[in-house]
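Q: Dumping the structure here so I can ask a few things about it.
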Amino acid sequence: MAASFRALSAALPNQSLTRSPPRFLAACSLSLRLNSVSYTPRRGATRASMAEIVTPKSKGKVKVFDTEEDLAVSLAEYAADLSKKSAQRKDSFTVVLSGGSLVKSLRKLLEQPYIDSVDWSKWHVFWVDERVVPKDHPDSNYLLAYNEFLSKVPIPTGNVYAINDALSAEGAADDYETCLKHLVKTKTIDQSESTGFPKFDLMLMGMGPDGHIASLFPGHPLVHENEKWVSFITESPKPPPQRISFTLPVINSSANIALVVAGAGKATAVHIALSDVSNSDVLPVQLVEPEGELSWFLDKEAASKL
């Protein structure tokens, strides 16, 4: 196990924050902590225009916003509130990101009042899936998150857990799972009492037009993996072909899942997932049934067929 952690560390040397992008230390080792930042009430925060709806197949809250901007405002408040509650009861707030437009939807956290009130020192950041490419590659979810979010908030570098991109897809998946198991053992990540899988505080995910989540694609055997924590794919129907992905049991063991979906191109998949319609081919997004709470953040275009 120790060799695996050293491999992660060696693959991600510390670099100055002035470089673009720095390689965050993605190793299961003791991380530097920042001083705690107190949370202050959100005075004068922008309020989003939103309607909460009930759908036949809804297993959680479904919020529909007039614009993607309103969605981003509400998402920031939601994430900040969960961060505050977590900081009051434990020493870590574990957050899982996906790629695509999701990271851009977090942009309001970079503004007041959140940038100065969120206790960023307790955030531990993971990826629900990642493309097995170098971290400075345009397809890297890490690079997207760094450019849009991580470079702009004071999360300790040792609290950001990227994959070891020097390994094969299978090796990177195994290495990431080993890291997660260590963090569960040291109680950085909670563990589900009912499933034994890691229980992340907040999983933020987008959805593809085909209803895929993470790198779990419709009709692919990986959707049915129920033992591994992290698996891999070498023939992804969406490029690049090699990826690692959290499995569905890990996703569903989360304390909170936010599905963030915007755009008319995803309206059909949203309709299938949330409406009482028959569909012979179950979409991966339809299998999201978390142990905790599920919240949908939709703009009106994505919700147009509900």
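The values are calculated or read from the model by the stated rules, or taken from the named source; none is laboratory data. Predicted model, so just to flag it, every value in this text is computed and none were measured. Here Cβ is always computed from backbone atoms with ideal geometry, including for glycine, and neighbour counts include all displayed protein chains.
Q: Would you pick out the residues in the range 163-210 that are polar (S, T, N, Q) and touching a Phe, Trp or Tyr at 6+ places or on another chain (Cβ under 9 Å)?
A: Asn164, Ser168, Thr178, Gln191
Q: Please go through the range 109-134 and give me each residue that is part of a loop (DSSP other than H, G, I, E, B) and in contact (Cβ under 8 Å) with a residue 60 or more places away in the chain, ordered by number.
A: If the condition is that a residue be part of a loop (DSSP other than H, G, I, E, B) and in contact (Cβ under 8 Å) with a residue 60 or more places away in the chain, then Pro113, Val118, Asp119, Val128, Val132, Val133 are the ones that fit.
Q: Considering each of Pro209, Pro241, Pro218 in turn, give the residue that is in a loop (DSSP other than H, G, I, E, B) and closer than 18 Å to Val103 by Cα.
A: Checking each option against the conditions leaves just Pro209.
Q: Given the structure, is Gly100 at pLDDT below 95, at positive phi and more than 20 Å from the chain's Cα centre (by Cα)?
A: No; evaluated as a whole, the condition is false for this residue.
Q: Could you list all residues from the range 148-168 that are part of a helix (DSSP H, G or I) and surrounded by 21 or more Cβ atoms within 10 Å (Cβ to Cβ)?
A: Listed by number, the residues that qualify are Leu150, Asn159.
Q: Identify, from the list Asp190, Asp165, the residue that is out of contact with any His (no Cβ under 8 Å at 6 or more places or on another chain) and within 27 Å of Thr234 (Cα to Cα).
A: Only one candidate passes the filter, namely Asp165.
Q: Taking only the range 81-92 into account, find how many residues are closer than 17 Å to Ile257 by Cβ and of a type outside the set (S, T, N, Q).
A: 3
Q: Could you identify the single residue in Ser231, Ser192 that is farther than 22 Å from Ala87 by Cα, touching a residue at least 12 places away in the same chain (Cβ under 8 Å) and within 19 Å of the chain's Cα centre (by Cα)?
A: Ser231
Q: Same structure, new question: Here are some residues: Val277, Val260, Val285. Which one is modelled with pLDDT under 95 and either more than 17 Å from the chain's Cα centre (by Cα) or not in a loop (DSSP other than H, G, I, E, B) (or both)?
A: Of Val277, Val260, Val285, the one residue that is modelled with pLDDT under 95 and either more than 17 Å from the chain's Cα centre (by Cα) or not in a loop (DSSP other than H, G, I, E, B) (or both) is Val277.
Q: Further, regarding this structure: When you check Ile272 against the structure, is it under 16 Å from the mean Cα position of the chain (by Cα) and not in a loop (DSSP other than H, G, I, E, B), yes or no?
A: Spelling it out, it is not the case that Ile272 is under 16 Å from the mean Cα position of the chain (by Cα) and not in a loop (DSSP other than H, G, I, E, B).
Q: Among the residues of the range 169-204, how many are within 21 Å of Asn252 (Cα to Cα) and either in a loop (DSSP other than H, G, I, E, B) or β-branched (Val, Ile, Thr) (or both)?
A: 13
Q: Mind checking which residues of the range 122-147 are out of contact with any Pro (no Cβ under 8 Å at 6 or more places or on another chain) and crowded, with 17+ Cβ neighbours inside 10 Å?
A: Selection gives Lys122, Trp123, His124, Val125, Phe126, Trp127, Val128, Asp129, Glu130, Asn141, Leu144, Ala145.
Q: Consider His137 carefully, then state whether it is more than 30 Å from Val282 (Cβ to Cβ) and either modelled with pLDDT under 95 or not in a helix (DSSP H, G or I) (or both).
A: So His137 fits the description; yes.
Q: Count, please, the residues in the range 74-96 that happen to be of a type in the set (D, E, K, R), in a helix (DSSP H, G or I) and touching a residue at least 12 places away in the same chain (Cβ under 8 Å).
A: 2
Q: Considering only residues that are under 15 Å from Phe246 (Cβ atoms) and in contact with a helix residue (DSSP H, G or I) (Cβ under 8 Å, 6 or more places away or on another chain), look in the range 175-185 and name the one that is surrounded by the fewest Cβ atoms within 10 Å (Cβ to Cβ).
A: Thr178
Q: Give the range 273-306 a look and list any residue that's closer than 22 Å to Met203 by Cα, in contact with a Leu (Cβ under 8 Å, 6 or more places away or on another chain) and not charged (D, E, K, R), or say none.
A: Residues satisfying the conditions are Ala273, Leu274, Pro284, Val285, Leu287, Val288, Leu294, Ser295, Trp296, Phe297, Leu298.
Q: Exactly one of (1) small (Gly, Ala, Ser); (2) under 14 Å from the mean Cα position of the chain (by Cα); (3) farther than 20 Å from Ser105 by Cα is unmet by Ala145. Its number?
A: (3)
Q: If you don't mind, another one. For Leu294, only one of the following conditions fails: (1) touching a Ser or Thr at 6+ places or on another chain (Cβ under 8 Å); (2) within 30 Å of Ser92 (Cα to Cα). What is its number?
A: Here Leu294 meets the rest and fails (1).
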